[in-house]
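A short reminder: the numbers here are calculations on the coordinates, not readings from a lab. Bear in mind the structure is a predicted one, so any value in this text is a computation, not a measurement. We place every Cβ from the backbone using ideal geometry, glycine too, and count neighbours over all the protein chains shown.
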């Protein structure tokens with residue numbers, strides 16, 4: 001039963017899915033890891049773990065990103081591109097494709 005549920009419900013909010021989106025939004029805004037980490041109250045090593053997908057992004061930090069930079073929680077946790085500010089959408093797609101090509 002668990003395998004059937006896993007197939008039917010996409011796990012878009014898993015750390016390995018959220019991490020690349022955080023990296024892409026940071027790079028889209030031309031921010032260093034230090035700048036993003038400091039702005040949302042994380043230490044740099046924690047942000048590195050999140051971006052690598054080794055650690056989840058807690059909702060408090062996700063909300064901070066959404067509030068400060070305009071990227072909605074639906075993008076951060078589900079990958080919904082309609083929840084990305086228009087001015088960043090094209091660049092974000094390029095960053096995501098570049099990340100996936102690595």
Handout entry: Close pairs from segment 61-86: first free of Cβ contacts under 8 Å to residues at least 12 places away in the same chain and on the phi < 0 side of the Ramachandran plot, partner surrounded by 15 or more Cβ atoms within 10 Å (Cβ to Cβ) and not in a helix (DSSP H, G or I), Cβ under 8 Å, at least 6 apart
Key = 66/72; 80/72
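This table checks each residue for (1) over 21 Å from residue 14 (Cβ atoms); (2) surrounded by fewer than 16 Cβ atoms within 10 Å (Cβ to Cβ).
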residue	(1), (2)
44	yes, yes
52	no, yes
60	no, yes
65	no, no
69	yes, no
79	no, no
83	no, no
92	no, no
Problem - segment 56-102, residues that are farther than 12 Å from residue 20 by Cα and in a loop (DSSP other than H, G, I, E, B) - result: 58, 70, 71, 72, 80, 84, 85
